[in-house]
Every structure is written in structure tokens, then in C-alpha cells.
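The structure under discussion appears below in the form of C-alpha cells.
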Amino acid sequence: MAPAITPVRTAAGFPASTGVVVIGGGIVGLTAALTLAERNIPVVVLEKGRLAGEQSSRNLGWVRKTSRHAGDIPLALAADRLWAALPARVGHDIGYRQAGIMFVARTQAQMAMHEGWLKSVEALSLDARLLSRAEIAARVPGGRGQWAGGIYTPSDGRAEPSLAASAIAAAAMARGVVIVENCAVRTLATAGGKVSGVVTEKGEIRCEQVLLAGGLWSRRFLGNLGIALPTLPLICSVLRTKPMAGPTEIAVGAPDFSFRKHKDGGFIITQRGALDASLTLDHLLLGPRYLPQLRAQRDFLRISIGKPFLKDLALPRRWKGEKPSPFERIRTLDPQANPVLNREAMTNLMAAWPAFERAEIEEAWAGVIDVTPDSNPVIGPVAALPGLTLATGFSGHGFGTSPAAGQLAADMLSGRPPLIDPALYRFDRF
């Protein structure tokens, strides 16, 4: 099951040529397309399935700076500004609310991590501050958790994944962007050692540049071109309650649950202390590069092996442009929500805030996160193939920074001064 997305009427076909082709109709690619169109650059967006059908609609909707790596915060700060302006820019409410995010700690060791993070970003003058147990109770009343303390950033917020990408897509099309759903890009066309177009299941488009914003699928697409992108899949299970009275408008993250208010009055909830790691061949191939993360977060991962391993093995890793690609076999990656993790989330949440004992579950879903070895995305050109730029590998943080990430990619494609220093996100760091 997937969250309901605001529908958008897209084009049935595409022109013979354009300036930029964006591969992937998620929120980052769509934001890049809108930005380019605002600069009068012709753009075609090609999506193998449905716009925002994967992680762009399945994430939690958090827009945060808290607990990000210090080097990643300039992108998040730029995203705050762009989120605030986005409703006027696209002409729709996208559910953005700067209602704050709070993380709470059960132990002094957990609290020390928040203290360490706050110290690491003190030069950035953020509005984050540490909280006592009494201050947590004042901001999120009705709880019975024995917290060691917490950290709170009032300028953090949330937006609605089911609204945002669709509104951006509609605004982009109003600016002349051509968006085609159910049209997989099989490979790139090249001439003189650089990109000259894309080969799709419906024919070829000539173009000057390509932005690959394919999320989890970017690794397989690049692998067919002989380019190695080290990303691995992890699965996050999520649930949404029916409308109910809740303790706060602030989004709250605890070690083993999180919740935030949904636009309809319910809550989006997850087991924040666990992700499913359903093993694939890539986990075995890339595992050594992730050993530091695995040592630090082994208890965070629910590792299993089963049908996904076999399904992944059955998908080709090499193919030609005239043959069907893996992206036509699987239009939308739609994993099953893990009921065990969702029950854990609700049990842990009810123990901390009894108001959730009255919660009724409206729906549940899961999404696949593409994680890099350093948990930072790749936003930048591929030196080995001029004309190809990447915006992928967002490691579960992409929705929150998407307005800035898309603009940064557009800056690179259009030769504008970059929104922020992109050095942290360069592809060649791998």
C-alpha cells in the first residue's frame, strides 16, 4: 500500500529534442526541472512509473536541521528559506509548517550525543537548544516518559509528501516543462565522449544535459554505463492514524518511535529505532564500505534474507537500449510495511504519551531509502561522462532538503553560481 498522491495530468509524449532531460519524477528532480524552467531552459522529465510514486511520497515529511552533519546544514538552511516561499511559488498549500522538531533522550549517553551535535554546529547560530525533562513536559504535555532531556529546534518543520511533489510538477508544467509518466529511460546516448540524448522505451530524445535523480534506481542505471555508485537499500515502515487529539504540533523523535501531525489531523508514526535491511547482492558487494556504519548501528538494522534477494538477482545489471530495462519490469518499488515494526512504534509511543492509546490506524506503507556510505547525497557532475549530473543517494534526508537540492542541481546544469558550496556532495569522493 502507498499513500494517496494528489494526481497530476502529465503529457502523453515528448519532443524530439530538449535542453535538459531529468530522469526520475521524484521531488528533487521535479524541483530541479521547475528551477530550470524558471530560467527559460527547456526541460523534459521522464518517470518510469508515477510521479513521486516511491520515496518522495512515502517519507515522513520532516524538514529538519537537527542532527544533520554540520557540513550538510547549509543545504538545510537554504531549504528552509525555499520551503517557506514554495506555496506562493507553486500556487498551492503543500502543508509546510515551521512547527518545530524535538528529539528526546532516555539515557545520559543519548543526551551526550545531542550535546555533542549542538557543540559541533555552534558556529552556525542555529536556534536549537537543549531541554530538561520539565521543558519537554511543558511543550508536549500528557507524557509519562522518564526522559534524560532533549533537544529542540523551533525553526524545523514539516511538509506533506502527498502534496508537495504534485504541486511542484504542476507549476513546472505551467512553465513549459514536459513530464511523461510510465516512460522508462533505458540508457544514455553519447557522441564524442559526452551525453547527446537519452534512449527511452518510447524512443530517443536528443539533449545537451541529463540529470539523473532516480533514487534507489540510480545505482543500477549507472552500473549499466560502467559507472559505480555505492548505494544500498533500506526499508522504512510508516503508519498514519485517523484524525485524533494529540499532545502537540511539534514533531517528536524518541530513540524507538517518532510522530508528527498530519494535515488531516492524524499522525504519521514510525519505529525510529529500526529499519529493515532485506539483503540483496549489493549488500554483499558493497558491505565492506559500510562497516563503520554497521558497527555503529548494528542494533538499528533488522537484517533478513528472502524473496527480495531472489527478485533482485533476477533483474538484469547489463542491457542494451533496444531491449526492455529493469525499470520497465518494476515501475514502482512497493515493499510491504513491516507490521512488527509498526506495532513496536505504537507500543513505545503509547507508553510515553498515553493519548495515543486512542489512536486508530488509517493506513500503513513502506518506502525504500537509498543510503550512501557517508549518508550524504551525491549532487554534481560525473567527470567520466560530460553532460551527466547526479542528484541521488539522499539517505532518507532528501525530502527535507529537496527544494535546495533541486536548485543546487539546476545551478550546476545552468552554469549559475551554486546555491551553497557543493564540495560535500561531489561524486568523486567515493
Residue that is surrounded by the most Cβ atoms within 10 Å (Cβ to Cβ), among those in the stretch 302-329 that are within 19 Å of Leu225 (Cβ to Cβ) and hydrophobic (A, V, I, L, M, F, W, C): Phe327
Being touching a Lys or Arg at 6+ places or on another chain (Cβ under 8 Å), closer than 16 Å to Ala52 by Cβ and not aliphatic (A, V, I, L, M) narrows it down to one of Gly398, Gly367, so name that one. Gly367
With Val178, Val252, Val210 as the choices, which residue is buried (at least 18 other Cβ atoms within 10 Å of the Cβ) and out of contact with any Phe, Trp or Tyr (no Cβ under 9 Å at 6 or more places or on another chain)? Val210
Looking only at the stretch 365-376, count every residue that is surrounded by 19 or more Cβ atoms within 10 Å (Cβ to Cβ) and small (Gly, Ala, Ser) and tell me the total. 2
With the condition kept exactly as written, say whether any residue in the stretch 335-351 is touching an Asp or Glu at 6+ places or on another chain (Cβ under 7 Å), among the hydrophobic types (A, V, I, L, M, F, W, C), over 30 Å from Gly71 (Cβ atoms) and open to solvent by 10 Å² or more (accessible area, probe 1.4 Å). yes
Let me confirm something: among Ala52, Ala33, which residue is assigned to a helix (DSSP H, G or I) and crowded, with 20+ Cβ neighbours inside 10 Å? Ala33
Looking at Ala105, Ala137, Ala123, Ala112, which one is open to solvent by less than 30 Å² (accessible area, probe 1.4 Å) and either over 27 Å from the mean Cα position of the chain (by Cα) or of a type in the set (A, V, I, L, M, F, W, C) (or both)? Ala105
Residue pairs meeting the criteria (Cβ under 9 Å; at least 6 apart or on separate chains; first closer than 21 Å to Cys183 by Cβ, in the stretch 302-330; second among the basic types (Lys, Arg) and open to solvent by 60 Å² or more (accessible area, probe 1.4 Å)): Leu315/Arg329; Pro316/Lys323; Pro316/Arg329; Pro326/Arg317; Ile330/Lys311
Is the stretch 288-297 home to any residue that is of a type in the set (A, V, I, L, M), open to solvent by 30 Å² or more (accessible area, probe 1.4 Å), touching a helix residue (DSSP H, G or I) at 6+ places or on another chain (Cβ under 8 Å) and more than 30 Å from Met244 (Cα to Cα)? yes
Could you grab me the full set of residues in the stretch 317-340 that are over 18 Å from Val198 (Cβ atoms) and out of contact with any Gly (no Cβ under 9 Å at 6 or more places or on another chain)? Arg329, Gln336, Ala337, Asn338, Pro339, Val340
Quick check on this structure: which one of Ser155, Ser218 is among the hydroxyl-bearing types (Ser, Thr, Tyr), in a helix (DSSP H, G or I) and under 24 Å from Pro403 (Cα atoms)? Ser218
Reported set for the stretch 216-228 where residues are buried (at least 20 other Cβ atoms within 10 Å of the Cβ) and more than 20 Å from Ser56 (Cα to Cα) is Leu222
Looking for whichever is within 25 Å of Ser218 (Cβ to Cβ) and either touching a strand residue (DSSP E or B) at 6+ places or on another chain (Cβ under 9 Å) or open to solvent by 30 Å² or more (accessible area, probe 1.4 Å) (or both) here; the options are Leu86, Leu82. Which one fits? Leu82
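The values are calculated or read from the model by the stated rules, or taken from the named source; none is laboratory data. If you're wondering where the values come from, they're calculated on a predicted model, not measured in any experiment. All Cβ positions, glycine included, derive from the backbone under ideal geometry; neighbour counts span all protein chains shown. Calculation scope for accessible area: heavy atoms of the full protein, side chains included, ligands and nucleic acids excluded. Shrake-Rupley method; radii C 1.70, N 1.55, O 1.52, S 1.80 Å.
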